[in-house]
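Every number in this text was worked out from the coordinates using simple rules, so none of it is lab data. Here the structure is a predicted model, which is why all the values come from computation and not from measurement. All Cβ positions, even for glycine, are placed from backbone atoms using ideal geometry, and neighbour counts span all protein chains on display.
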């Protein structure tokens, strides 16, 4: 028994049921979360103090030019975290939308 082709009404129902992600909004959300996370981690270590201050987190300066565990570095870290998070979020939304579109039944 072969399946019957989907009707236009059924295709419309599937299209409404499969949510599309807005890549720009997802990029903004990922960027804010990752940037804020790096900013808060840096501020926490600066407030905690010690000698040396945050040697492990400071290694991010290898990948993020200008970043260091300091007050100014927390702002640089926010910018880098936002940029990387936004890129990951935007790419995630783009891939999701492509996969969702490819999986939709064709009439």
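Key figures for this structure:
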| read-out | value |
| --- | --- |
| Exclusive hit being more than 10 Å from the chain's Cα centre (by Cα), more than 30 Å from residue 3 (Cβ to Cβ) and buried (at least 20 other Cβ atoms within 10 Å of the Cβ), set 75, 38 | 38 |
| Test for residue 22: is it exposed (fewer than 14 other Cβ atoms within 10 Å of the Cβ) and free of Cβ contacts under 8 Å to residues at least 40 places away in the same chain | no |
| Residues (assigned to a helix (DSSP H, G or I) and either farther than 14 Å from residue 35 by Cα or touching a strand residue (DSSP E or B) at 6+ places or on another chain (Cβ under 9 Å) (or both)) located in region 58-71 | 58, 59, 61, 62, 71 |
